[in-house]
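Just so it is clear, none of the values below were taken in a lab; they were calculated from the coordinates. What you are looking at is a predicted structure, and each value in this text was computed from that prediction instead of being measured. Here the Cβ is made from the backbone with ideal geometry for all residues, glycine too, and neighbour counts use every protein chain on show.
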Amino acid sequence: MRHCEWRRFVCVAQSATPLSARAPLAMTEETSMANKGYFIITDISGYTEYLTASELDHAHEILQSLFDAQLKSIKFPLKISGFRGDAIFMYTPEACFVNPQSFLETLENLYIVFSDTLQQMQINTTCTCRACRNMSMLDLKMCIHYGDYIIQKLGDREELLGADVIVPHRMLKNHVIEQTGIKSYALFSEAAAQALQLSELTHPLVPHSESYEHIGEIRMQVFDLRPIWQSIQARRRHFVSKEEAWVSHEIDLPYPPLLVWEILNTPSLEAKVLLLDVAERTDNLGGRVREEARFHCAHEDSHFFARMIDWKPFEYYTIRQRAEPFGNIEYYQTRRLIPLDNGTRLLVTMSRPEPDVTEETRGQFQWMAGLFGNIRGVIEEELAQGRITAA
Ligand SMILES: [Zn+2]
C-alpha cells in the first residue's frame, strides 16, 4: 500500500524536477555519455519499529508529512532519480555546483527540513496515540557516493546506470549507529569525501568501514547532522521537547492556558509558585516581555539569571538560565502549555546543562521542576481572593 503512495510521488517529483537546469550542463547529460556525479539516498530510520509500535492512522499521516517535506525541499542541484521503499534516490552532476560547501549545505538543509517538520508536528499535536507519542524515534539518514554514471532514456523516464550508482543503496545497510552512536548521519564513501574535500569543509568526521558482497570493502566518513540542526535551533525557534529533556515535569490544571500563562509570567506570582524571595525583570528593553528580555530570581542566597530565547504566547516559551549555586551551569528551560478538553497541561522541560553535572544535581533540578506543582494552589488562592477570574 505504501509503495503505491510513493509511486504516486514519482511522477510529481519527476515533472517538477527538470533534468537540464542550466544550458552548459545539457551537453553532459546526453544519453550514454559518461558523467561524474554524486549519488545520494535518504532514508527514514526507525521506520519499521515505528510502524509496528504505532496506530496506523496517524503513523501514516506523520510519515507522509515527513516525506512531502523532503520532496518539497529537493531542488537544484539535487535531482530525483527514483524511490525505493521509504528511501529517495537522488543524484547531482559534478558540474552542477562550484563550491563543495554548497553541496554539503544542500544535504544539511534536507536534514533541517526533516527535523523541523518532525518538531513542528510534535509541538502541534495534542494527540496521545502511540504514533504521535513515538514520532521522536524517527530520524533521517543519508548515504553519499561519488563516481561515474550514464543516463539511459526509457520513454519519458530516465534511468541512471553504472556500477557506482548502486553503491549508496548498499551503503544503507551498515553498522554506523551501533559502532558510532550517531543516529542522524550523512555517510560519505571515501570517494565522495575526497571529491568534496570533506575534511576541509567540516569536522568532526568519524572514519567507518563496511564490507559488501560483490563490492568489497568501502571506507567511509560519518558526519553527524544533529549538531547542525541544533545550532540552527539556537538561532531561532528554541524548544526542549519532552523526549530530549534532561528533567521534565507536567501538571494538568483545570484552568485555561491563558490563565496559567499569566501566572507564570507575573513575577510576583511566579515567585509564589517557585518559593522565590525575588523574581524580577532586569533588562532595559521596556514594554512587553519578548526575546532577549532578562530576569533574575533568587531563593535566599541562590541566584538564577535567565534570558528569554523563544517567546511564543500562549503555547510555550524557552529561557536560557544560568544557575549560580550549581557552578554557573547553563541550560534551556521550556514551559509549554498544552490545551486539554477542560484545562491545560503545563509541561516544564530542561535541557542537559553545560557543563555537565552529576546525577545528584539532576535530582535537585527534578525537585525544583516539581515546584511548578504549586501553581494549582496559587491559582486557587488568586481566584478565592478575587484577584483573577478563570472564566
Ligand atoms: Zn495520534
- Full extension between Lys72 and Lys312 adds, at 0.36 nm per residue less the Cα distance, a length in nm of 83.8 nm
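Trypsin sites (Lys or Arg not before Pro), restricted to the stretch 306-391: which are DSSP loop and have at most 13 other Cβ atoms within 10 Å?
Within the stretch 306-391, the qualifying trypsin sites (Lys or Arg not before Pro) (loop, at most 13 other Cβ atoms within 10 Å) are Arg387.
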- Output the Cα-based Rg and Dmax of the stretch 2-234 in Å, rounding Rg to one decimal and Dmax to a whole number. 17.7, 54
- With 5 Å bins from 0: P(r) over the stretch 135-268, alpha-carbon pairs, percent: 2, 8, 13, 15, 14, 11, 10, 7, 6, 5, 4, 4, 3, 1, 0
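Could you state the orientation-averaged shadow area of the convex hull built on the Cα atoms of the stretch 252-315, in nm² to one decimal? Intermediate values should be presented prior to the final figure.
Numbers: hull surface 19.4 nm².
The number I arrive at for the stretch 252-315 is 4.8 nm².
What ranking of His238, His303 emerges when the number of other C-beta atoms within 10 Å of each C-beta is taken as an exposure proxy, fewest first?
Numbers: His238 22, His303 14.
Ranking His238, His303 by Cβ neighbours within 10 Å, fewest first, gives His303, His238.
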- Message: For Glu354, Glu291, which order do you get if you count the other beta carbons within 10 Å of each Cβ and list the fewest first?
- Response: Glu354, Glu291
- In vacuum, with every alpha carbon of the chain counted as one equal point scatterer, what does the Debye formula give for log10 I(q)/I(0) at q = 0.07, 0.12, 0.13 Å⁻¹? Two decimals, please. -0.43, -0.98, -1.08
- Can you give the angle from 0 to 90° between the axis of helix 359-370 and the longest principal axis of the chain, with both taken from C-alpha atoms, to the nearest 10? 60
- What does the charge count near Leu201 come to, summing +1 for each Lys or Arg and -1 for each Asp or Glu among other residues with Cβ under 13 Å from its Cβ? -3
- Taking the simple approach of a point 7 Å from Cα along Cα-to-Cβ for both Ser209 and Ala53, what is their distance in nm? 3.3
- What's the angle, to the nearest 10 degrees (0 to 90), between helix 226-235's Cα axis and the longest principal axis of the chain? 50
- Query: How much FRET efficiency would the formula 1/(1 + (r/R0)^6) give for Glu200 and Gln230, where r is the Cβ-Cβ distance and R0 is 25 Å, rounded to 0.05?
  - Reply: 0.65
- Item | Most mobile listed residue (Pro355, Pro339, Pro256) in the chain, GNM with C-alpha springs under 10 Å | Pro355
- Cleavage-rule hits, GluC sites (Glu not before Pro), the stretch 203-241, DSSP coil, Cβ neighbours within 10 Å at most 16: Glu213
- Nearest 10 degrees, 0 to 90: what angle lies between the long axis of helix 2-16 and the longest principal axis of the chain (Cα atoms)? 70
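First measure r as the distance between the Cβ atoms of Glu330 and Lys173, then evaluate 1/(1 + (r/R0)^6) with R0 = 51 Å and state the FRET efficiency to the nearest 0.05.
On the way: r = 40 Å, r/R0 = 0.79.
FRET efficiency, Glu330 to Lys173: 0.80.
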- Query: Just in the stretch 165-272: which trypsin sites (Lys or Arg not before Pro) are loop by DSSP and have at most 11 other Cβ atoms within 10 Å?
  - Reply: Lys173, Arg236
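Per the helix-only calculation at 222 nm, which mean residue ellipticity applies to the chain, given -39500 (n - 2.57) for every DSSP H run of n ≥ 4 and division by its residues, nearest 500 deg cm²/dmol?
Working: 15 runs with 140 residues, N = 391.
Estimated from H runs of four or more residues: -10000 deg cm²/dmol.
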- Query: Which whole number in µm²/s is D for the stretch 238-384 by Stokes-Einstein, with the Kirkwood Rh taken over Cα pairs at 4 °C and 1.567 mPa s?
  - Reply: 84
